Amino acid sequence: MVDFNDTAEEAAFRAEVREFLETEYEPLRAGIRKEARTSDGFELTPTRRTWFRTLSDRGWVAPAWPEEYGGAGLPVKQQFIFNEETAERRALRPGGIAIGMVGPTIITIGTEDQRADHLPGILSGEVVWCQGYSEPGAGSDLASLETRAVKDGDDYIVNGQKIWTSGAHRADWMILLARTDPDAPKHKGITYFMLDMHAPGVQVQPLVNMADTHEFNEVFFEDVRIPAKNVLGEENRGWYGAVTTLDFERSSIGSAVGMRQNVEALIDFAKSSDQSALGRRESLRNELADRYIEAQGAMMMSYRIITMQDQGLIPNYEASMSKLYSMELNQRVATTSMHVLGLHGQIRGGDDRAAKYGRYNYGYMRSVANTIEGGTSEIQRNIIATRGLGLPRA
């Protein structure tokens, strides 16, 4: 049964978060928005730095991390409340690879020296990380990766290639999966490394997507040396380290809230803008209503997952259901925005006639990747089929 109610303690925490956002974030909002127009999302701009420092003082940069490592050690329900309230405010939330994956993995399987060296920079936002997992021919079937790391004294020498590496052009460090035992079964013989992106032999090449933005890259390694001290966990057991995480808050409430807000903003635009086709196409009313109802469905999936977590259960296929539904819904919302705009939807950002500075045009083209990134829809359906419905593997 889904629990929609806060306990007295949770209600008090929710009120604390709301007051904090009102007093600390609202004065910075205009500056963050202004800086966002000239940065690529990976840059730690002055106002973002101020906001991160304010969050860090409360341990709220990484609220799921243990307090001894700079987090707040919040239980899952309070993590959910924090994420929900920041999303409702559209407040900038630290996250991504560094907070969501690198830090938790270092905390769980790293050494004390690795924690001391890397966690402070992650929490401050000063050090940018990227993820070296996918390769050409080893995306969904990641365990087929072929990038090699050969032991040489106190170092490993790495040769190979990674692709779709988000933020590599800004990154200082990479979490890297490389094969150290080519004769072992494919899920074994892989080691987890922390790679200095400024090391000799690392070459980053940009990949520009169809929305004409540079988010991800391909990265080449030619005789790159990684000190053995930068191995995370045990040699040849990197596959198990790669799936390690401390943060079990997988409800995706921030995405669900953002989806609902995007639909509400689209409805407001359709009703008020002279660029809208709503007056000429009455069927758009039904289409917008469908998107709004579907966005509420995404919220319900998030509430189901957090209720499971609050009961000590670990969502598995439920998280895949939420990811699959939300990403396909995001594509439907983007398509509806094009229906609302009609021919105006073809005008890109930078043109004074572009609706919402080209936001809808960009969102439509960028949404193509939603059902690929973070695990394809096909992979999510396989997980739901086998783990949720108990169907045999093909």
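The values are calculated or read from the model by the stated rules, or taken from the named source; none is laboratory data. Everything quoted here is computed from the prediction, not taken from an experiment. So basically every Cβ, Gly included, is an ideal-geometry build from the backbone, and we count neighbours across all protein chains shown.
Within segment 27-44, does at least one residue satisfy the condition of being assigned to a helix (DSSP H, G or I) and of a type in the set (Asp, Glu)?
The answer is yes; a qualifying residue exists.
Among the candidates Leu119, Leu145, Leu176, single out the residue that is within 16 Å of Phe220 (Cα to Cα) and out of contact with any Asp or Glu (no Cβ under 8 Å at 6 or more places or on another chain).
Criteria check complete, one pass: Leu176.
Which residues, counting only those in segment 355-394, are of a type in the set (D, E, K, R), at pLDDT below 90 and under 30 Å from Asp274 (Cα atoms)?
Lys356, Arg359 - these are the residues of segment 355-394 that are of a type in the set (D, E, K, R), at pLDDT below 90 and under 30 Å from Asp274 (Cα atoms).
Results for (1) within 30 Å of Ala168 (Cα to Cα); (2) more than 22 Å from the chain's Cα centre (by Cα); (3) among the basic types (Lys, Arg), shown as yes or no for each residue.
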{"position": "Ala11", "(1), (2), (3)": "no, yes, no"}
{"position": "Arg14", "(1), (2), (3)": "no, yes, yes"}
{"position": "Glu35", "(1), (2), (3)": "yes, no, no"}
{"position": "Thr38", "(1), (2), (3)": "yes, no, no"}
{"position": "Arg48", "(1), (2), (3)": "yes, no, yes"}
{"position": "Glu67", "(1), (2), (3)": "yes, yes, no"}
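Residues of segment 131-190 being of a type in the set (Val, Ile, Thr) and in a loop (DSSP other than H, G, I, E, B), which ones?
Thr147, Ile163, Thr165, Thr180
Report whether or not Ile293 is of a type in the set (Val, Ile, Thr), more than 23 Å from the chain's Cα centre (by Cα) and either within 21 Å of Asp3 (Cα to Cα) or modelled with pLDDT under 90 (or both).
Considered against the rule, which asks whether it is of a type in the set (Val, Ile, Thr), more than 23 Å from the chain's Cα centre (by Cα) and either within 21 Å of Asp3 (Cα to Cα) or modelled with pLDDT under 90 (or both), Ile293 comes out as yes.
Could you tell me how many of the residues in segment 304-332 are within 20 Å of Glu84 (Cβ to Cβ), more than 19 Å from the chain's Cα centre (by Cα) and part of a helix (DSSP H, G or I)?
5
Spot the failing condition for Asp274; the list is (1) in a loop (DSSP other than H, G, I, E, B); (2) within 30 Å of Gly100 (Cβ to Cβ), and only one is missed.
(2)
Does segment 196-218 contain at least one residue that is buried (at least 18 other Cβ atoms within 10 Å of the Cβ) and of a type in the set (Asp, Glu)?
Yes, segment 196-218 contains a residue that is buried (at least 18 other Cβ atoms within 10 Å of the Cβ) and of a type in the set (Asp, Glu).
When you look at Gly374, is it surrounded by fewer than 19 Cβ atoms within 10 Å (Cβ to Cβ), among the small types (Gly, Ala, Ser) and out of contact with any helix residue (DSSP H, G or I) (no Cβ under 6 Å at 6 or more places or on another chain), yes or no?
So Gly374 fits the description; yes.
Does Thr105 satisfy the condition of being among the hydroxyl-bearing types (Ser, Thr, Tyr), crowded, with 19+ Cβ neighbours inside 10 Å and not assigned by TED's automatic domain parsing to the domain that holds Met299?
In short, yes.
Any residue in segment 156-163 that is in contact with a Gly (Cβ under 6 Å, 6 or more places away or on another chain), modelled with pLDDT of 95 or more and more than 14 Å from Ile226 (Cα to Cα)?
yes
Mind checking whether some residue in segment 188-203 is within 30 Å of Leu341 (Cβ to Cβ) and either among the aliphatic types (A, V, I, L, M) or not assigned by TED's automatic domain parsing to the domain that holds Pro315 (or both)?
no
What pairs come up if the first residue lies in segment 278-300 and is outside the structural domain of Glu84 (by TED's automatic domain parsing), the second is exposed (fewer than 14 other Cβ atoms within 10 Å of the Cβ), and their beta carbons are under 7 Å apart, counting only those six or more places apart or on different chains?
Leu278/Lys271
Hey, could you check segment 350-394 for residues that are among the basic types (Lys, Arg) and outside any helix (DSSP H, G or I) and say which is nearest to the chain's Cα centre (by Cα)?
Selected residue: Arg393.
Return a yes/no flag: does segment 42-52 have any residue that is surrounded by fewer than 12 Cβ atoms within 10 Å (Cβ to Cβ) and under 21 Å from Gly125 (Cβ atoms).
yes
Looking only at segment 53-65, which residues are under 21 Å from the mean Cα position of the chain (by Cα), free of Cβ contacts under 8 Å to residues at least 60 places away in the same chain and either outside any helix (DSSP H, G or I) or surrounded by fewer than 16 Cβ atoms within 10 Å (Cβ to Cβ) (or both)?
Those that are under 21 Å from the mean Cα position of the chain (by Cα), free of Cβ contacts under 8 Å to residues at least 60 places away in the same chain and either outside any helix (DSSP H, G or I) or surrounded by fewer than 16 Cβ atoms within 10 Å (Cβ to Cβ) (or both): Gly59, Trp60, Pro63.
Going residue by residue through segment 177-195, is there one that turns out to be over 17 Å from Arg237 (Cβ atoms), in contact with a Pro (Cβ under 8 Å, 6 or more places away or on another chain) and surrounded by fewer than 23 Cβ atoms within 10 Å (Cβ to Cβ)?
Checked segment 177-195: no residue is over 17 Å from Arg237 (Cβ atoms), in contact with a Pro (Cβ under 8 Å, 6 or more places away or on another chain) and surrounded by fewer than 23 Cβ atoms within 10 Å (Cβ to Cβ).
Going through Gly312, Gly233 one at a time, which residue ends up being free of Cβ contacts under 8 Å to residues at least 12 places away in the same chain and at positive phi?
Gly312
Among the residues of segment 307-341, which ones are surrounded by fewer than 20 Cβ atoms within 10 Å (Cβ to Cβ), under 25 Å from Ser276 (Cα atoms) and either in contact with a Leu (Cβ under 6 Å, 6 or more places away or on another chain) or not basic (Lys, Arg) (or both)?
Hits for segment 307-341 are Glu328, Gln331, Thr335, Met338, His339.
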